[in-house]
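K.L.:
Take this structure, written in structure tokens, and hold onto it; I'll ask about it next.
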Amino acid sequence: MVGLGISGIATAIRLHKLGWEPVLIERAPERRKGGYFIALFGTGQASAKRLGVMETLVDRSSPQMRTYEIDRGKRRYKGMSFVDVPGAPRPLLRGDMENSLFAALPRDVEIRFATVPTRIEQDGRGVDVTLTHTQSGTSMTERFDLVVGADGMRSTVRQLVFGPHENFFYPLNYMIGACLLRNPVRGYATHEGLVLAEAGRSAWVFPFANHNPTVLFSYRVDDVAAQFRGRPIESLRKAYGPEQAGSVLGQLLDEFEAADEYLFDSTHQVRMKSWHKGRVVLVGDSAWCLTLYSGMGASTGLAGGELLGNMLEKHPDDVERALFQWEEKLRPFITHMQLHGLKTRQFFTPANETQRIIRGATVRLMGNRLIGPLAQKILRNNKETMLDIVAQESRATVA
């Protein structure tokens, strides 16, 4: 298992229950404990329960949570955030999910930090993997029955086995920046979220009931490479200028500049004709990367890993058949959610003034007592398709 994130740990837990002996490989020298906002929808919550981690998750939701649409002045009106959409998504920090999963890992699961795969060769009976320690430079080759790449959008496993990143990246031409706020936004409580949505750029403050908020910047670009030529804060300030930032946006930019840890990256979906080759399989962002615009990254990471275990349990003596059926059942939903993510990025960050106006009208309609419930029902049905797939397979496997 390459990658000590949500998908990797979830898959390791599920496979361990089947009697496998997972070895977790992680590039970082130690476990990452931070993270930014994620929403765990019904699909992810159901998988978390079956994996035995739901009860240990910190509850960061609150009935008091509300979100405001704001501008650079002082105007604001009631808005809508991920916590307001149907399906009762649970607001979390990514670290919350990883902490619960890590605590659920059996003690006999081996974890190797500061280690990366540098060569992967396979035959019909197993996979030879050369593992290199990033600090000492020492390497050793070991044989495994299965290799699971859960090492993120820029997956080393995918690069070694399937080919260069550019073969599978579908660029969205958006940049994101995120960090944890050291202080609440002035004039707002920690349980109050904010959305500043302008043509081609937005800033979101995600609230928590018992934790400082996080901020997400999202903006459209024509030249992605240019965004990495200077400091991230310089690219952000340029993207949100030349207008005066105002008090709220100004504070958010200052917080990002002062943050000890932050995320700054381009956005891509990963699109592949197959997520497995022989005895090597990719899960989570390594395989599909729905992007944050879908809201389903964490949920599909959990459910995808669980479903992989279900198929391996169903076909214990035929790994390739298990992988084929896993992908056959999962791909329709992932394809649907990638298309959904392309549409919802307009809700996150309207690309132009027309989209901004439509977005504003949509937010107001969703809050309408007559129209809102119908729209929410449609959204709920779309989001829960995968839950049915995984639940059915879980029942079939147990039977």
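K.L.:
Hey, what angle do you get for helix 94-104 against the long axis of the chain, alpha-carbon based, 0 to 90 degrees rounded to 10?
P.N.:
For helix 94-104, the angle is close to 30 degrees.
K.L.:
Carbon and sulfur: what percent of the chain's accessible surface (1.4 Å probe)?
P.N.:
Here carbon and sulfur together make up 50 percent of the probe-accessible area.
K.L.:
Can you give the angle from 0 to 90° between the axis of helix 319-348 and the longest principal axis of the chain, with both taken from C-alpha atoms, to the nearest 10?
P.N.:
With both axes taken from Cα atoms, the answer is about 10 degrees.
K.L.:
Let me check the size of the stretch 1-143 from its C-alpha atoms; what are the radius of gyration and Dmax in Å?
P.N.:
19.8, 65
K.L.:
Skip the ligands, DNA and RNA, and give the accessible area per residue of the chain with a 1.4 Å probe, whole Å².
P.N.:
Counting only protein heavy atoms, the per-residue value for the chain is 45 Å².
K.L.:
Still on this structure, please answer the following. Which one of 301, 146, 70 has its Cα pushed farthest toward the positive end of the charge dipole of the chain, where Lys and Arg give +1 and Asp and Glu give -1 at the Cβ?
P.N.:
Most positive-ward Cα: 70.
K.L.:
Treat every Asp and Glu Cβ in the chain as -1 and every Lys and Arg Cβ as +1, leave all other atoms uncharged, and give the resulting dipole magnitude about the Cα centre to the nearest 20 debye.
P.N.:
My answer is approximately 1280 debye.
K.L.:
Compute the acute angle (0 to 90°) between the alpha-carbon long axis of helix 297-314 and the principal axis of greatest extent of the alpha-carbon atoms of the chain; round to the nearest 10°.
P.N.:
That works out to roughly 20 degrees.
K.L.:
Using a Förster distance of 25 Å, how high is the FRET efficiency between residue 364 and residue 199, based on the Cβ-Cβ distance and rounded to 0.05?
P.N.:
Calculated value: 0.90.
K.L.:
Further question on the same structure: How much FRET efficiency would the formula 1/(1 + (r/R0)^6) give for residue 74 and residue 238, where r is the Cβ-Cβ distance and R0 is 30 Å, rounded to 0.05?
P.N.:
0.75
K.L.:
Projecting each Cα onto the charge dipole of the chain (Lys/Arg +1, Asp/Glu -1 at the beta carbon, about the Cα centre), which of 106, 3, 224 comes out farthest on the positive side?
P.N.:
224
K.L.:
If you take the charge dipole of the chain about its Cα centre, with +1 on Lys and Arg Cβ and -1 on Asp and Glu Cβ, which of 171, 22, 215 is farthest toward its positive end?
P.N.:
Comparing the listed Cα positions along the dipole, 215 ranks first.
K.L.:
While we're here: So for the pair residue 226, residue 17, with labels modelled 7 Å out along Cα→Cβ, what separation do we get in nm?
P.N.:
5.0
K.L.:
Turning to a different aspect of this structure: Dipole magnitude of the stretch 13-91 about its Cα centre, charges +1 at Lys/Arg Cβ and -1 at Asp/Glu Cβ only, in debye to the nearest 20?
P.N.:
That gives a dipole near 300 debye.
K.L.:
If a paramagnetic tag sat 7 Å from the Cα of residue 108 along the Cα-Cβ line, which residues of the stretch 1-26 would have the backbone N under 17 Å from that point?
P.N.:
12-24
K.L.:
Which of 241, 284, 309 moves the most in a Gaussian network model of the chain with Cα springs under 10 Å?
P.N.:
Residue with maximal mean-square fluctuation among 241, 284, 309: 241.
K.L.:
On the full set of protein chains, 1.4 Å probe, figure out the accessible area of residue 335 and give it in Å² to the nearest 10.
P.N.:
Roll a 1.4 Å probe over it and residue 335 shows about 70 Å².
K.L.:
Continuing with this model, one more query. Once ligands and nucleic acids are excluded and a 1.4 Å probe is used, how much of residue 60 is accessible, expressed in Å² to the nearest 10?
P.N.:
20
The values are calculated or read from the model by the stated rules, or taken from the named source; none is laboratory data. Note that this is a predicted model, so its numbers are computed, not measured. Glycine also receives a Cβ, built like all others from the backbone with ideal geometry; neighbour counts cover every protein chain displayed. Each accessible area value is taken on the protein alone, full model and side chains, heavy atoms only, with ligands, DNA and RNA left out. Shrake-Rupley method; radii C 1.70, N 1.55, O 1.52, S 1.80 Å.
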